[in-house]
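Read through the structure below, which is laid out as structure tokens, and then see the notes.
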Amino acid sequence: MGVLVKVAKGVGEFVGEAVLELVGCLLVLGVLLGVGFLVIQGMRVSPTGTVVVGGLFVLFAGYGAVEAYRGPGRRRRGRLAAAATVTFGTVAVLAFLALSCTCWWS
């Protein structure tokens, strides 16, 4: 009886990890499609505005990266720094998931 419980736990863990991997890939794919749709629509309406907003987003995420990698005593306090750090973290996690997702080349 103990062997069946171990096998069931192993199968359950495998299925759980496979489902979470699929959900992660779908999340990344959905975000990329959403951003792509917004960029395409923005380029139709105002190409200059789209490039400016994209550049400002990259600068904001870069500011978050600088804040994330500063030493603990040198970090700035405030909502702007915290929001930039969260933005950078979100972009980094989504980029990591997009690169590690095997759905792109399988």
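The values are calculated or read from the model by the stated rules, or taken from the named source; none is laboratory data. Just so we're clear, the structure is a prediction, and the values are computed from it rather than from any experiment. Virtual Cβ from ideal backbone geometry, glycine too; neighbours counted across all protein chains shown.
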- Message: Taking the criterion of being of a type in the set (S, T, N, Q) and under 26 Å from residue 96 (Cβ atoms), would at least one residue in segment 33-52 satisfy it?
- Response: yes
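Can you tell me which residue is surrounded by the most Cβ atoms within 10 Å (Cβ to Cβ) among those in segment 54-73 that are of a type in the set (Phe, Trp, Tyr) and part of a helix (DSSP H, G or I)?
Let us first name the residues in segment 54-73 that are of a type in the set (Phe, Trp, Tyr), namely 57, 60, 63, 69.
Filter again for part of a helix (DSSP H, G or I), leaving 57, 60, 63.
Values: 57: 13, 60: 16, 63: 18.
For segment 54-73, the residue satisfying everything is 63.
I'd like to know if segment 38-54 contains one or more residues that are closer than 19 Å to residue 92 by Cβ and free of Cβ contacts under 8 Å to residues at least 40 places away in the same chain. Step through it out loud before you land on a result.
Initially, segment 38-54 is screened for residues closer than 19 Å to residue 92 by Cβ, giving 54.
Filter once more, keeping what is free of Cβ contacts under 8 Å to residues at least 40 places away in the same chain: 54.
Scanning segment 38-54 turns up at least one residue that is closer than 19 Å to residue 92 by Cβ and free of Cβ contacts under 8 Å to residues at least 40 places away in the same chain.
Out of curiosity, is residue 32 assigned to a helix (DSSP H, G or I) and at pLDDT 90 or above? Give the derivation first.
Working: assigned to a helix (DSSP H, G or I): yes; at pLDDT 90 or above: no.
No; evaluated as a whole, the condition is false for this residue.
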